[in-house]
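First comes the structure, then the notes that go with it.
The values are calculated or read from the model by the stated rules, or taken from the named source; none is laboratory data. Owing to the predicted nature of the structure, the values given are computational and were not obtained by experimental measurement. Cβ sites come from the backbone with ideal geometry, for glycine too, and all protein chains shown count toward neighbours.
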Amino acid sequence: MKKDITYQSINQRINQSVRYYRVPSTVEKDAALNSLLNRIREEKPRQTKVFSLPTWTRTVAAVAAVLVIAYISGMLLTTQNFKNNGKDIATFRLPDQSRVILASESSVRFNKLFLNRKVNLKGKAYFEVAKGSKFQVGTSKGSVEVLGTRFTVDDRNDQMQVVCFEGKVKATFKNEDVVLVPGAGIRFTPDQKQIPLNEKEEYPGFARFSKEYNNAELETVIQDMETFFGVQIDSRVKQPRYFSGTLNTGNLETALSIFTVSLQLEYKLQSDQSIIIY
């Protein structure tokens, strides 16, 4: 007679479970792996949070960029003009500290930033070019290119005339180039003729500091020299001094030497544009 399963002992139950236990087949393992892979594929990818500036911030940045571009463009297009409407000469310095003396009824125009070191001339002018990159003077009739030198350009009366006083210059007139050395000049006529010129003077007449003084105060002479040569003179002379004599030169140091020796003074060049008199 069989015993009721209800009353089976624990050992009997264990033996029965072991007897009927079956190790899962390879097929079941593959099914489990495929099920896992399918679940991975079905999972939605995590969305990456994208940082976004507030609308007002982007607007402000865009406006600022437009203003910067407009400012730079304006500076590149802005020109500076100097015109001498008087009967006497006018002198000034360019942004690169090159010195210009304008004859009467003459003018120059150049870019305010002066990045290309180019000026446009109408009339007649004397140039003392500061050392640096290429310097160009353009006229309605031609152009002049130099590297640190002294020269004059005159494009009046439907012709162009260039004279070199120091260094070398290249004058271009209707695609024809002429290189000039100190003391040499060239005149291009309206009918394209080239007339050589010889210059014996060290400075052109209108570019000379020519003044006659009679018992003039020290400060008066200093102001005249500052205006003509485009420099700053610091006078450290405490006692009143008066100058009588004639100054006729285009060279700053020559004028200073004549002036200070006659008054028993000394001078010292701080830089090309700064002098101390003591």
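Tabulated values for the structure
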item	result
Close pairs from segment 86-97: first among the basic types (Lys, Arg), partner crowded, with 16+ Cβ neighbours inside 10 Å, Cβ under 6 Å, at least 6 apart	Arg93/Arg99; Arg93/Gly230
Condition met for Thr172 (among the polar types (S, T, N, Q), part of a strand (DSSP E or B), more than 30 Å from Arg241 (Cα to Cα) and touching a Lys or Arg at 6+ places or on another chain (Cβ under 9 Å))	no
Unmet requirement for Ser140, which otherwise passes all of (1) closer than 17 Å to Arg109 by Cβ; (2) assigned to a strand (DSSP E or B); (3) in contact with an Asp or Glu (Cβ under 8 Å, 6 or more places away or on another chain)	(2)
Enumeration of residues in segment 111-160 that are farther than 15 Å from Ile89 by Cβ and either of a type in the set (S, T, N, Q) or in the same structural domain as Gln273 (by TED's automatic domain parsing) (or both)	Asn111, Asn116, Asn120, Ser133, Gln136, Thr139, Ser140, Ser143, Thr149, Asn157, Gln159
Gln192 vs. criteria modelled with pLDDT under 95, surrounded by fewer than 15 Cβ atoms within 10 Å (Cβ to Cβ), outside any helix (DSSP H, G or I) and not assigned by TED's automatic domain parsing to the domain that holds Glu128	no
Residue list for segment 225-270, restricted to those being under 19 Å from Thr91 (Cα atoms) and of a type in the set (Ser, Thr, Tyr)	Thr227, Thr249, Thr254
Unmet criterion (only one of (1) part of a loop (DSSP other than H, G, I, E, B); (2) of a type in the set (Asp, Glu); (3) more than 22 Å from Arg93 (Cα to Cα)) for Glu212	(1)
Residue list for segment 160-175, restricted to those being under 16 Å from Gly138 (Cβ atoms), surrounded by 12 or more Cβ atoms within 10 Å (Cβ to Cβ) and of a type outside the set (Gly, Ala, Ser)	Met160, Gln161, Val162, Val169, Lys170, Thr172, Phe173
